Amino acid sequence: MTRTLAPDRVVPELAGRFGSPYLYRVACASTQRLLAPDLPEGAVAVCEKQTAGRGRLGRTWQAPAGEALLCSVLLRPPPERAAAELSLLGGLAVARLVEGALGSPAGVKWPNDVLVRGHKVAGVLAEGVAGAVVLGIGLNVNQSEASLPAPARVPAASLRTLDGVERDRVPLLAGLLAELERAYDAWRERGLAAVHAELSRRDVLAGQRVRVGSAAGVAAGLDATGALLLDTDGGRLAITSGDVSVDPF
Ligand code: BTN
């Protein structure tokens, strides 16, 4: 029997502001489209199956019904904070959760992927909507190898393919919302400085030869704004957006 993420199972497990209100659908096009911008900050949309799941840079995000965490959170960052930093913040919160669940290190691949042993287990998508930000998170939980997306430059994994354990997603979702709220509150207070040291520790690109668009060089960490630093033959660049591929040796 599939253990669902229905409100009667999830809401009693939520301790903080995130998840109130909690909007649940069995199926929807994308949880990114369920949160009206006038809802309170911390409103969360969750579904079992998306028919038009969205990834970064116009990509799709696919997961079989009932096997992943698919959720979006409505945030209203204060004007003095850079909303672009939220995808890194989301990645950090997911990495903390995943590391706790697996008991093995989880890293963040700039700007929005969560990796364990070189495999992508989660992605984060931050989209602006009428002055608010909808932060979407897709975390692969119970998929088998066969039901993960086809092999890509960065291969996909689920928590289950990594450790063989099939999990009830309810405590994971409650933990995710708690981690996200903790990271968000620290960021609201102090900006990226609140988490910069941890992001640097989790940065899977640091020291690797990478390409971003037409630029190539050695990844040299993140600057204070969360831009990716790239040491190229022509000097150091600060990259603010793009897709990073790691060069083979
Ligand atoms: C990426 O890695 O490109 C980001 C993927 C984000 C996927 C999540 S799943 C929940 C939310 N709804 C969507 O349509 N996308 C995000």
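The values are calculated or read from the model by the stated rules, or taken from the named source; none is laboratory data. Values in this document were obtained by computation on a predicted structure and should not be read as measured data. In this analysis, Cβ positions are derived from the backbone assuming ideal geometry, glycine residues included, and neighbour counts consider all displayed protein chains. These accessible areas exclude ligands, DNA and RNA; they are computed on the full protein's heavy atoms, side chains included. Shrake-Rupley method; radii C 1.70, N 1.55, O 1.52, S 1.80 Å.
Among the helices (runs of 4 or more DSSP H) lying completely within the range 111-217, list those that include at least 2 residues that are at pLDDT 95 or above and within 13 Å of the ligand (Cβ to nearest atom). Spell out how you get there, then give the answer.
Details: elements: 159-163, 169-190, 196-202.
Per the criteria, 169-190.
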Output the number of the condition that residue 52 fails; it satisfies all remaining conditions of (1) surrounded by 19 or more Cβ atoms within 10 Å (Cβ to Cβ); (2) near the ligand (Cβ under 9 Å from one of its atoms); (3) not in a strand (DSSP E or B).
(1)
Pair list, Cβ under 7 Å, 6 or more apart: the range 58-78 residue open to solvent by less than 20 Å² (accessible area, probe 1.4 Å) and at pLDDT 95 or above, other residue away from the ligand (no atom under 13 Å from the Cβ) and aromatic (Phe, Trp, Tyr):
73/18; 75/184
When (1) touching a Pro at 6+ places or on another chain (Cβ under 8 Å); (2) at pLDDT 95 or above are applied to residue 90, the one that fails is (1)
Selection count, the range 155-189, where residues are of a type in the set (A, V, I, L, M) and closer than 16 Å to residue 71 by Cα:
8
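Yes/no per residue for (1) closer than 15 Å to residue 87 by Cα; (2) surrounded by fewer than 14 Cβ atoms within 10 Å (Cβ to Cβ); (3) touching a Ser or Thr at 6+ places or on another chain (Cβ under 6 Å):
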| position | (1), (2), (3) |
| --- | --- |
| 151 | no, yes, no |
| 155 | no, no, no |
| 169 | no, no, no |
| 184 | yes, no, no |
| 189 | no, yes, no |
| 199 | yes, no, no |
| 211 | no, no, yes |
| 233 | no, yes, no |
Hey, does the range 20-40 have a residue that's open to solvent by 50 Å² or more (accessible area, probe 1.4 Å), among the polar types (S, T, N, Q) and near the ligand (Cβ under 9 Å from one of its atoms)?
no
Report yes if residue 90 is open to solvent by less than 20 Å² (accessible area, probe 1.4 Å), within 15 Å of the chain's Cα centre (by Cα) and either without any contact (Cβ under 8 Å) to a residue 60 or more places away in the chain or under 24 Å from residue 208 (Cα atoms) (or both), otherwise no.
yes
